[in-house]
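The values are calculated or read from the model by the stated rules, or taken from the named source; none is laboratory data. Quantities reported herein were computed from a predicted structural model and do not represent experimental measurements. Note: ideal-geometry Cβ built from the backbone for every residue, glycine included; neighbour counts use all protein chains shown. Just so you know, the surface numbers come from the protein's heavy atoms only, side chains and all, with ligands and any DNA or RNA stripped out. Shrake-Rupley method; radii C 1.70, N 1.55, O 1.52, S 1.80 Å.
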Amino acid sequence: MSFVALASRVIIPLQIFLAFFFLFRGHNLPGGGFIGGLLLGLSLVLALLGFGFQRIKEAIPFEPSTVIGIGLFTAGISSFFGPLFGKGIFTGVWGSTVPFIGKLSSVLLFDVGVFLLVAGIVMKVVYSLMEEEC
Amino acid sequence: MIALPIILPFMVAAIFLIFPECQRLQKSLAFITSLVIYALGLSFLSDSKTVLEVGGWEWPFGIVLVADGFSSVMVSLVGLVGIVATLYSYGEELRDRHYPLSLILLGSVNGAFLTTDLFNLYVWFEVMLMASFVLLSTNVSKDGFGGAFKYVLLNLVSSFMFLSGVGLLYGSVGALNFSHIASRLGSEDLLSVYLIAAAFMIKSALVPFYFWLPASYHRASATVSALFAALLTKVGIYSLIRVLSVFPEIPELLFAIGVFATISMLVGIIGAFGQVNLRRLLAFDVVSQVGFVLLGFSTGGLSSAVVFYLIHMIVVEMNLFLIAGVIEKRGNFIGSGIIGFSFIVSACALAGVPPFSGFFGKFLIIAEIFENSWVLSGVLALIMGLGTLVLMARIWDIYFWGEKKGEIVISSWQIISVIILTIVTLSLSIFSAQVLELCQWVIDV
């Protein structure tokens, strides 16, 4: 096993954890869906360096565009929570606090959408570059 | 409700991305979405002004979407363009992801029409640029990519100027909402207003920056180029008119726009005479039309004639590009009365021949130009009308007369979409008095 593969085995779980940490902490503190999504995408890049494109493509069962679509859809859905609770569109709706995640809210749902969208786009970029190389 | 014309296309596009296999579902859903946008635009028209403070953030602080007369008219036109483009695309072989991308384009154009926040407008411009760039570059061969590259490069320059302008403006007046900026604008902020205006001028393909348009439009598939001809430059024109009519009047800027617009008319028409490719010829003609409508704006301000001409431009230019797509596929076009009739109607409307819609718009705008003693520009505008007519006669001569070439069956969807736009053009001509009244109401509210 090469050094990069070994290193990525150690780093990738940490990086994914960090990505989610940034996502959930992002509402009032530095962080958020965008930066979390980038981190998640970067862990994919690292995995690519460690294990090679073919193995990654076999291990991940969905297309990048699916992730982008789900992200966009989630972000869009979050805008309708406001009207559902009698407020304006895109107005935040806040729920109860959950340990590790913080307050559940439509804002968080929007951030999750951004998270998936950004991660999906990084994935798409990486896939296109690698496919061109092969 | 106001946010729906923006959110809905994005949501539907997301569904398309998740389920890329169901082409039939995509086709029908894209049609329904456009229909809903059209209906929403019309329903906004029934109220004089609808305002939405997005996310409950109040006026000077948050993003405010406003559907007043002008933006509602534009949104309903976006819906109409979407309907026609979708119908037309049924008869054409298109690559994957055409429908999600074109819906994202429609959504971002709606966003640009509805927002009253300068930075938000920048964001919509970027979304629009990305969607249109991908639409443009996925359907072309390798040498066609050069046109797409020119397009994205010049528009990135425009985005850069726009963003610098917005940044400078925000730094000095501390506001982003159009009317809020206007109330605080001082004489030291002229540079940023110039930068923003220049960015809009690139977007609307006015003369010093027009060359992205004829380089790129004809490379795309017929549906995409018609979509672009109908929407892209109009967003630039709309934003320029919107922003400049809210801001305190800057006579020097209006004068400069008038001069550039006059040159655009000339360059567009002269450039068109040198073209062999039909859609490229029409693309040059778009440049001259943009020049004409902005000349009308810079001399007479936002008048009902300008709004009328904008509506007429969207419908007629799109129709001509659709017809050009049909013609190019077949080589020439002898033996189809419907397409020939539609071409004559659109060509005469574009040139401003009396019974058709272009005449009323042109007559009022040119009258305004002369009233404000821009005599030279007025004369050139008249000559440009004549030039357009000669051009259209030339197209008629090449493609509708002569030997019949080949028998390619044209899908009835494409004929239907051309007929729809021809009917709209004809009704704009017949009911021009009522439409002009509507345009007057649109700018009064």
Cβ-Cβ below 6 Å, separation at least six or inter-chain, first residue in segment A:123-134 and at pLDDT below 90 and part of a helix (DSSP H, G or I), second among the aromatic types (Phe, Trp, Tyr) and open to solvent by less than 50 Å² (accessible area, probe 1.4 Å): which pairs? A:MET130/A:PHE53
For the structure I just gave you, tell me whether A:GLY82 is open to solvent by less than 30 Å² (accessible area, probe 1.4 Å), farther than 19 Å from A:LEU39 by Cβ and not hydrophobic (A, V, I, L, M, F, W, C). yes
Would you confirm, using the coordinates I've provided, whether B:TYR88 is under 19 Å from B:PHE228 (Cβ atoms) and either modelled with pLDDT under 90 or within 14 Å of chain A (Cβ to nearest Cβ) (or both)? no
Checking B:GLN26 against (1) within 14 Å of chain A (Cβ to nearest Cβ); (2) of a type in the set (S, T, N, Q); (3) without any contact (Cβ under 8 Å) to a residue 24 or more places away in the chain: exactly one of these is not met. Which one? (3)
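Each row is one residue, and each column tells you yes or no for (1) assigned to a helix (DSSP H, G or I); (2) surrounded by fewer than 24 Cβ atoms within 10 Å (Cβ to Cβ).
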position	(1), (2)
B:LEU35	yes, yes
B:PHE61	no, yes
B:SER72	yes, no
B:VAL75	yes, no
B:GLY107	yes, no
Select the helices (runs of 4 or more DSSP H) contained entirely in segment B:199-307, then report the ones holding at least 1 residues which are modelled with pLDDT of 90 or more. B:222-246, B:251-273, B:278-300
Pair list, Cβ under 6 Å, 6 or more apart: segment B:41-56 residue within 14 Å of chain A (Cβ to nearest Cβ), other residue among the hydroxyl-bearing types (Ser, Thr, Tyr) and open to solvent by less than 30 Å² (accessible area, probe 1.4 Å): B:GLY55/A:THR91; B:GLY56/A:THR91
Can you run down the residue pairs with Cβ atoms below 6 Å, 6 or more apart or on separate chains, where the first is in segment B:1-18 and facing chain A (nearest Cβ under 8 Å) and the partner is aromatic (Phe, Trp, Tyr)? B:ALA14/A:PHE73; B:PHE16/B:TYR99
Checked A:PHE80, A:PHE53 against criteria (of a type outside the set (Lys, Arg) and closer than 30 Å to A:LEU6 by Cα); the one match is A:PHE53
Condition test on A:PHE90, is it assigned to a loop (DSSP other than H, G, I, E, B) and either surrounded by fewer than 21 Cβ atoms within 10 Å (Cβ to Cβ) or out of contact with any helix residue (DSSP H, G or I) (no Cβ under 7 Å at 6 or more places or on another chain) (or both)? no
